[in-house]
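Student: So that we are looking at the same thing, I have put the structure below in structure tokens.
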Amino acid sequence: MLHIYNSMTKKKELFQPLIPKKVSLYVCGSTVYDYCHIGHGRSIMVVFDMVTRYLRSLGYEVRYVRNITDIDDKIINRANEKGEPITQLTERFIAAMREDELALGANPPDIEPRATLHISAMISLIERLIAKGYAYVAEGGVFYEVSRFADYGKFSNQSVDKLRSGARVDILETKRDPLDFALWKLAKPGEPSWDSPWGKGRPGWHIECSAMCAECLGEHIDIHGGGLDLVFPHHQNEIAQSEGAFGGRFVNTWMHVGYVQINREKMSKSLGNFSTIRDVLAQYKTEVVRYFLLASHYRSPINYTHENLASAEAALRRLYTSLRGLPVVPESDGGEEFISRFHAAMDDDFNSPLAFSVLFDLAREINRLRDESQIVEAAKLAALLKKLADIFGILKEDPVEFLQSGVADSEASEIERLIALRNTARQNKQWAEADRLRDQLLAMHVLLEDTAEGTIWRKE
């Protein structure tokens with residue numbers, strides 16, 4: 001049975017959806033003012049793609065919502081820097097985000113609400129918070145009164161007193177408490193704005209997600225996910241807003257994805273130490289990047305290095321090597337031990353490193369059967385390997401093409417020429433010449449395998 005680590009309770013819990021066999025999942029998406037970096041690729045795209053694939057493989061009907069923040073201070077500032085209309089900027093980067101997601105082989109969410117299309121829901125939610133005494137109108141806009149929410153800081157293990165002492169106070173805002181945060185910001189000259197009961201303005205970042213989540217999934221949901229950096233203040237504030245407005249529990253299970261780091265420091269746009277998804281994919285194949293992002297547990301940090309990506313590629317080559325030259329057979333019974341171990345790993349808070357180890361054990365068994373000429377049995381397990389690997393979005397390519405990738409056309413032509421000469425020598429029983437040609441290919445780091453379908457080669 002599936003257990004998920006809940007960031008709220010700080011422990012693994014048996015997953016029990018609100019409605020049997022149905023899952024409501026909300027993930028905080030991208031603020032679209034720049035290209036997505038590889039950290040977004042992990043926290044926003046690939047990890048929750050894995051989660052939804054696995055849940056669906058268990059027979060759950062998943063309703064996956066991931067928002068787009070298309071109005072925000074960062075967006076306004078970037079549009080002003082570029083002298084570009086805000087809608088033009090956001091449309092351009094929404095298109096780029098979707099291109100990146102497709103290039104990473106991630107399935108899109110079922111619903112992708114944009115903040116600017118849900119303003120009325122945000123205004124209604126703010127009105128509800130005011131009516132219930134959780135929010136107030138002041139100079140500059142509408143603010144959430146943090147002291148009214150008894151458990152504020154509990155989710156993020158933050159001391160309210162310490163937060164208050166370190167809070168920055170904007171002299172233009174007449175807040176009752178420095179911790180109070182904006183629900184509605186009155187518009188400054190030249191800023192985009194919408195009509196509201198409190199004057200023209202725009203929503204605060206946190207109220208956007210509370211409103212879109214409630215409108216798309218309801219007031220109480222199964223899973224809410226996002227990057228680890230969102231625990232505070234964003235998710236803490238979402239809890240305060242949603243539970244203040246609707247009462248009761250907002251989210252049953254909170255999931256947070258660890259950082260992608262460079263030199264052990266969090267990758268971020270603000271630090272300027274990021275690599276965009278498209279830059280990474282210009283150097284490495286999609287499945288190599290997916291393997292790199294999923295080979296470590298989703299809650300753990302991972303270090304972005306060329307060495308780690310090279311290791312991911314080498315690991316994928318081992319899996320693809322087990323599939324080479326085998327006939328395609330329909331799924332059949334068998335491999336129950338591997339299936340059981342794979343599910344045990346994934347049921348333990350989506351333990352992808354342990355699940356990958358099962359795939360490698362399966363690949364070793366396929367190689368053993370091949371070596372013993374049990375080709376049909378090897379092919380059956382190969383079908384199972386590909387089925388399990390689909391949870392991670394890998395092993396979708398033709399094995400030979402993957403194993404020969406990265407070889408220049410001129411080098412591939414020379415390899416094929418030498419293989420043809422060797423095959424001719426073998427047909428003529430010129431064994432010494434055939435061995436010489438094999439040795440020449442080995443010196444080029446080319447490994448050969450003679451099968452019933454012909455000679456298969458791969459670059460070591």
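The values are calculated or read from the model by the stated rules, or taken from the named source; none is laboratory data. These numbers come from a predicted model, not from an experiment. Using ideal geometry, Cβ is built from the backbone for each residue, glycine included, and neighbour counts are taken over all protein chains shown. Each accessible area value is taken on the protein alone, full model and side chains, heavy atoms only, with ligands, DNA and RNA left out. Shrake-Rupley method; radii C 1.70, N 1.55, O 1.52, S 1.80 Å.
Student: When the residues of the range 1-20 are filtered to those that are touching a Leu at 6+ places or on another chain (Cβ under 9 Å) and loosely packed, with under 10 Cβ neighbours inside 10 Å, which remaining residue is modelled with the highest pLDDT?
Tutor: Only one residue tops the list, namely LEU14.
Student: Sticking with this structure for a sec: Under 30 Å from LEU309 (Cα atoms), part of a loop (DSSP other than H, G, I, E, B) and touching a residue at least 24 places away in the same chain (Cβ under 8 Å): which single residue out of TYR33, TYR64 fits that description?
Tutor: Values: TYR64 fails: part of a loop (DSSP other than H, G, I, E, B).
Among TYR33, TYR64, only TYR33 is under 30 Å from LEU309 (Cα atoms), part of a loop (DSSP other than H, G, I, E, B) and touching a residue at least 24 places away in the same chain (Cβ under 8 Å).
Student: Which of the following residues is in a helix (DSSP H, G or I), of a type outside the set (Asp, Glu) and at pLDDT 95 or above: PHE350, PHE356, PHE402? Quick ask: steps written out before the conclusion?
Tutor: Values: PHE350 fails: in a helix (DSSP H, G or I); PHE402 fails: at pLDDT 95 or above.
Selected residue: PHE356, the only one of PHE350, PHE356, PHE402 that is in a helix (DSSP H, G or I), of a type outside the set (Asp, Glu) and at pLDDT 95 or above.
Student: Need a quick list: strands (runs of 3 or more DSSP E) entirely within the range 148-252 having at least 1 residues that are hydroxyl-bearing (Ser, Thr, Tyr), modelled with pLDDT of 95 or more and touching a helix residue (DSSP H, G or I) at 6+ places or on another chain (Cβ under 6 Å).
Tutor: So the answer is none; nothing clears 1.
Student: Right, here's the next one. Please work out which residue is modelled with the highest pLDDT, limiting yourself to the range 298-341 and to residues that are over 19 Å from PHE360 (Cβ atoms) and aromatic (Phe, Trp, Tyr).
Tutor: Here the residue is TYR298.
Student: If you scan the range 320-349, which residues turn out to be hydrophobic (A, V, I, L, M, F, W, C) and surrounded by 13 or more Cβ atoms within 10 Å (Cβ to Cβ)?
Tutor: Our first condition is that a residue be hydrophobic (A, V, I, L, M, F, W, C); within the range 320-349, this holds for 323, 326, 328-329, 338-339, 342, 344-346.
Those that are hydrophobic (A, V, I, L, M, F, W, C) and surrounded by 13 or more Cβ atoms within 10 Å (Cβ to Cβ): LEU323, LEU326, VAL329, PHE338, ILE339, PHE342, ALA344, ALA345, MET346.
Student: Next up: If you go through the range 286-344 one residue at a time, how many are assigned to a loop (DSSP other than H, G, I, E, B) and either polar (S, T, N, Q) or touching a residue at least 40 places away in the same chain (Cβ under 8 Å) (or both)? Give the derivation first.
Tutor: Pass one, the range 286-344, residues assigned to a loop (DSSP other than H, G, I, E, B): 295-301, 304-305, 324-335.
Narrowing the set further to residues that are either polar (S, T, N, Q) or touching a residue at least 40 places away in the same chain (Cβ under 8 Å) (or both) leaves 295-301, 304-305, 324-332, 334-335.
The total comes to 20.
Student: Sticking with this structure for a sec: What tally of residues in the range 225-237 results from selecting those that are more than 12 Å from VAL146 (Cα to Cα), open to solvent by less than 10 Å² (accessible area, probe 1.4 Å) and not small (Gly, Ala, Ser)?
Tutor: 2
Student: Given the condition of a type outside the set (Phe, Trp, Tyr), part of a loop (DSSP other than H, G, I, E, B) and more than 15 Å from the chain's Cα centre (by Cα), answer yes or no: does some residue in the range 115-123 qualify?
Tutor: For the range 115-123, residues of a type outside the set (Phe, Trp, Tyr), part of a loop (DSSP other than H, G, I, E, B) and more than 15 Å from the chain's Cα centre (by Cα): present.
Student: Let me spell it out: the conditions are (1) hydroxyl-bearing (Ser, Thr, Tyr); (2) open to solvent by 60 Å² or more (accessible area, probe 1.4 Å); (3) within 34 Å of the chain's Cα centre (by Cα), and THR90 meets all of them except one. Which number is the exception?
Tutor: (2)
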